[in-house]
Amino acid sequence: MDEPLNLVLFSGTDDKLQAAAVLTAGAAALGRPVNIFLQYWALDSFRADRIDRDHGLAPEAGAAGREAVDAMTRAGQASWATTLRQAKELGSVDIQACSLSMDLLRIEQEDLDPLVDGVEGVTAFYLNAGEGRIVFI
Amino acid sequence: MSVLDIKEHVDARGLSCPLPIVRTAQAVKGLASGDLVEVLATDPGSLKDFAAWSKSTGNEIVEQGEDGGVYRFVLRRK
């Protein structure tokens with residue numbers, strides 16, 4: 001299980017980020033390295049001053065989906081940011097911001113939550129991804 | 001009653017996937033090789049998840065069972 005899991009996070013809604021955090025924590029528990037590349041609206045959700053805010057849900061969630069997610073939160077489900085922090089404590093999880101998206105959104109690295117390890121371009125991401133699969137969320 | 005010498009207990013009841021595995025992996029990191037950890041979980045994916053985790057990491061499932069929706073595992077650190 002040495003091939004890394006490589007996640008490209010594009011969407012910034014809480015449900016998609018939660019799904020990504022669950023995949024990451026599961027891989028970390030198995031001892032599998034994880035590379036995460038943050039683009040567009042996912043990157044925006046990692047701003048230090050916004051990470052703990054409500055980022056909404058994907059359009060298909062609807063009112064019933066909103067209710068189901070709220071019930072999970074009330075039941076004590078950890079936020080995606082908390083789950084990612086736990087995954088980082090547990091295993092090798094590297095989170096990089098896409099440099100193009102940084103320009104697009106006018107974000108500086110100091111604007112980002114400490115969960116983000118650095119900024120890189122797509123070539124560096126591919127290099128680190130090696131032969132591992134790439135999942136786009 | 002179990003007479004196993006259990007070093008660590010993980011109560012993951014009420015926690016959803018992947019927290020039972022995450023908590024267990026964290027607990028196992030602090031143990032010596034051969035030590036036992038007992039886990040209680042209610043997540044319905046637990047049976048398959050712990051089997052997969054054991055197979056992948058080499059930490060052995062010594063005992064497992066289910067009682068009233070609560071899964072119990074005893075695992076031995078590799």
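Scoring A:R50 on the criteria (1) more than 14 Å from every other protein chain (Cβ to nearest Cβ); (2) on the phi > 0 side of the Ramachandran plot; (3) not acidic (D, E) leaves a single failure, condition (2). Could you tell me whether region A:86-97 includes any residue that is away from chain B (no Cβ under 12 Å), in contact with a Phe, Trp or Tyr (Cβ under 6 Å, 6 or more places away or on another chain) and either more than 22 Å from B:L19 (Cα to Cα) or surrounded by fewer than 13 Cβ atoms within 10 Å (Cβ to Cβ) (or both)? Yes - at least one qualifying residue is present in region A:86-97. Can you spot a residue in region B:19-26 that is within 19 Å of A:G31 (Cα to Cα) and of a type in the set (G, A, S)? Checked against the condition, which is being within 19 Å of A:G31 (Cα to Cα) and of a type in the set (G, A, S), region B:19-26 yields at least one hit. Is it the case that region B:53-61 has a residue that's of a type in the set (V, I, T) and more than 10 Å from every other protein chain (Cβ to nearest Cβ)? For region B:53-61, residues of a type in the set (V, I, T) and more than 10 Å from every other protein chain (Cβ to nearest Cβ): present. Restricting attention to region A:25-47, the residues being over 20 Å from A:L127 (Cβ atoms) and either among the small types (G, A, S) or within 11 Å of another protein chain (Cβ to nearest Cβ) (or both) number 8. Please go through region B:26-45 and give me each residue that is modelled with pLDDT of 95 or more and in contact with a helix residue (DSSP H, G or I) (Cβ under 6 Å, 6 or more places away or on another chain), ordered by number. Correct list: B:V37, B:V39, B:A41. Just one of the listed residues (B:V22, B:V3, B:V28, B:V10) is crowded, with 16+ Cβ neighbours inside 10 Å, β-branched (V, I, T) and free of Cβ contacts under 8 Å to residues at least 12 places away in the same chain, namely B:V22. In region A:33-55, the residues that are closer than 13 Å to A:G118 by Cα reach residues that are among the charged types (D, E, K, R) and in a strand (DSSP E or B) with C-beta atoms within less than 8 angstrom, at least six apart or across chains, in these pairs: A:N35/A:D94; A:I36/A:D94; A:F37/A:E120. Among the residues of region A:119-137, those identified as exposed (fewer than 12 other Cβ atoms within 10 Å of the Cβ) and within 25 Å of A:Q86 (Cβ to Cβ) are A:R133, A:F136. Of all the listed residues (B:K78, B:K55, B:K48), the sole one being touching a helix residue (DSSP H, G or I) at 6+ places or on another chain (Cβ under 7 Å) and either in a loop (DSSP other than H, G, I, E, B) or modelled with pLDDT under 95 (or both) is B:K78. Of the strands (runs of 3 or more DSSP E) entirely within region A:77-137, none holds at least 1 residues that are in contact with a His (Cβ under 7 Å, 6 or more places away or on another chain) and under 28 Å from B:D43 (Cβ atoms). The conditions of being within 12 Å of chain B (Cβ to nearest Cβ) and not in a helix (DSSP H, G or I) are not met by A:G12. Note on region A:34-74: residues that are among the small types (G, A, S), part of a loop (DSSP other than H, G, I, E, B) and surrounded by fewer than 12 Cβ atoms within 10 Å (Cβ to Cβ) amount to 0.
The values are calculated or read from the model by the stated rules, or taken from the named source; none is laboratory data. Computed from a predicted model, the values in this text were never measured in an experiment. Please note: Cβ atoms are built from the backbone with ideal geometry, for glycine as well, and neighbour counts cover all protein chains shown.
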